[in-house]
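Since the structure comes first, as structure tokens, the remarks are kept for the end.
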Amino acid sequence: MSTQFALYYNSQENKEYLREIISACSTGKLVEIQDLAHLPAEAAPDIEVVLVEYQENHPELDHWIEKIVGNPHSPAIFLYFREISTNNLWKALRLGAKECFTFPIREEDFQQAVKRLTARLEVIKLPAKATRVISFLGCKGGIGTSFLVANLARLLVQERR
């Protein structure tokens, strides 16, 4: 299964560089490419990762990232910095980025980031087991409700093993 990527870039040079990085990823498929001036209102539903060439002092980009991250069904955000600083890392953390990369991006690091994301997505997609809720209500204190519940819980745990 391939990971669907969207790429948002600032410079043409970085566009080609980031495109090559995604292409080198064995499970990556580039679906959408736009410059930062044409950010969509929201990410396409089939996109799993948005790779953004981050620009400092670009408040519209910050607001857009926060909006994307705020939606639980939105893709993960990977940020690319030409050069990194502590302030940029703090900003990325606060914005909710899943990964940060600097030039040059090592292919192994990018592959590992995609694998971590894929593993998280697989856990989220696991079907939930049906839960049964059993309630006990004692009409008066001291009649053994807590005793009954504690021992029943112990028996259910033993049965499960």
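The values are calculated or read from the model by the stated rules, or taken from the named source; none is laboratory data. No experiment lies behind these values; they were computed from the predicted model shown. A quick note on method: Cβ atoms are made from the backbone with ideal geometry, for glycine too, and the neighbour counts reach across all protein chains shown. In case anyone asks, the SASA skips ligands and DNA or RNA and just uses the protein heavy atoms, side chains included. Shrake-Rupley method; radii C 1.70, N 1.55, O 1.52, S 1.80 Å.
One table, with the values for the structure above:
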read-out	value
Hey, Y80 closer than 23 Å to S2 by Cα, in contact (Cβ under 8 Å) with a residue 12 or more places away in the chain and either surrounded by 10 or more Cβ atoms within 10 Å (Cβ to Cβ) or touching a helix residue (DSSP H, G or I) at 6+ places or on another chain (Cβ under 8 Å) (or both) or not	yes
Neighbours by Cβ (under 7 Å, 6+ apart or cross-chain): first from the stretch 52-69, within 22 Å of R19 (Cα to Cα); second at pLDDT below 90 and hydroxyl-bearing (S, T, Y)	I68/S74
Filter result for E13 (closer than 22 Å to D109 by Cα, assigned to a helix (DSSP H, G or I) and of a type in the set (D, E))	yes
Any pair with Cβ under 6 angstrom, 6 or more apart, that starts in the stretch 138-161 at a residue that is without any contact (Cβ under 8 Å) to a residue 60 or more places away in the chain and open to solvent by less than 90 Å² (accessible area, probe 1.4 Å) and ends at one that is of a type in the set (V, I, T) and not in a loop (DSSP other than H, G, I, E, B)	G138/T145
Count of the stretch 49-69 residues which are at pLDDT below 90 and buried (at least 20 other Cβ atoms within 10 Å of the Cβ)	1
